[in-house]
C-alpha cells in the first residue's frame, strides 16, 4: 500500500497468522487479510496519526506482544514519557498509558496526571496489586472521584463468576461504549489478580461508570500475594467490587482504569479468546475518539469439531439408521395405500 510518502508492506505472515495453542500443543491458523489491508489503507491516507504516550520510570512492564500488535494495527504511534523530565504532559498526546508499574508515582507526578485529565486529557491505567509496595499516590487519582482501592487481591466466591481459580475473575460487563461490542458477541473477558475498587455513588455521581463488577459473593484477601487459602478469613473485605471503571472528567477529559495488570498476559488473553486485548483496545480507541477498535478480527481457518459421548453417538446411530428410515417408510406406505383406496373407490 502506498500513498504519497507513506507506504506499508503486507506480507504473507500478516495475512495468514499462526498462533500457538498452549492447551493442545498445536497451532491455530487465522486469515487476517481484510484487517491487514484495511489497517494499511488507513495508515497511508491518514496525515496525523494518534499519539499514545507510555509512562516509564516506575518499573513498568513491557506491553504484551499481542496488545502491541493491536496498537500498531490501529495505526496509533507510541512514545515514551517520563514525568521527571517535563513540566507537563506533551500537548500532542492523544492519550497517556500507564501499564503495570512496580513502584508508586511521586505526588508531583500524580498531580500532573490528574491535572492533565481535568484539562481534557485521556488517561488509560492498567495497574493491579503489587507484591512489595502500595501505589498510594497513583490510587489517589481515583480518590478524587470517590473511588477507594481495597487492600489485597479479589477472590470470587460464586463458581459461575471465575475460571481456573477463584482469583481469575469472570466479572459482569455493564453496558458502555467500551463493552457493548463484547456483550453483543457474547465474549467473556477475565480479570486475574485484581484489586477491588469501591465506588462511593454519592461522591462519584454520574461521572463514574463501573465497566466490570464482581458478584456479591466476592471478597478481597488482605493477605494478597501471600494468600494460602481461597476461603474467607477474618479481616477480608466483602464485595462486590468494580475491577474496571470509566471516569468522565472536566473539559471532556476521561480516565479508564483496569485494576488487573495481568489480564493482558498471553495466557489469560488466550483463555478469553482474545477478548481481554479487545477490551483494552476498545478502551484506548474510546479515549482517542473512536467508539471501538477499528481493527477487524481475524477469521479462524481451523475446523471446529463436535465431541459427543458414546451413549449419544449410539442414540444418533439408532435414530438415523433405524427409526427415521422406518418412520419415513411407514408414512410413505400409508400415503400410497390411501391413494390406491381412493382410486379404487373412484372406479
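The values are calculated or read from the model by the stated rules, or taken from the named source; none is laboratory data. Treat the numbers as computed from the prediction; the structure is a model and nothing was measured. Ideal geometry is used to build each Cβ from the backbone, glycine not excepted, and the neighbour counts take in all protein chains shown.
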(message) Within the range 71-84, take every residue that is modelled with pLDDT under 85 and surrounded by 21 or more Cβ atoms within 10 Å (Cβ to Cβ) and give me the one that is farthest from residue 95 (Cα to Cα).
(response) 73
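A quick yes/no check of all residues on (1) in a loop (DSSP other than H, G, I, E, B); (2) assigned by TED's automatic domain parsing to the domain that holds residue 268; (3) modelled with pLDDT of 90 or more:
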| position | (1), (2), (3) |
| --- | --- |
| 188 | yes, yes, no |
| 194 | yes, yes, yes |
| 198 | no, yes, yes |
| 203 | no, yes, no |
| 206 | no, yes, no |
| 217 | yes, yes, yes |
| 220 | no, yes, yes |
| 225 | no, yes, no |
| 228 | yes, yes, no |
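From the list 136, 60, which residue is under 28 Å from residue 271 (Cα atoms) and in the same structural domain as residue 271 (by TED's automatic domain parsing)? Steps first, please.
Values: 136 fails: under 28 Å from residue 271 (Cα atoms).
The conditions single out 60.
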(request) Mind listing whichever residues of the range 112-150 are closer than 14 Å to residue 260 by Cα, in contact with a strand residue (DSSP E or B) (Cβ under 7 Å, 6 or more places away or on another chain) and touching a residue at least 60 places away in the same chain (Cβ under 8 Å)? (result) 124, 125, 126, 127, 129, 149, 150
(request) Kindly indicate which of 127, 143 is under 20 Å from residue 247 (Cβ atoms) and over 22 Å from the mean Cα position of the chain (by Cα). (result) 143
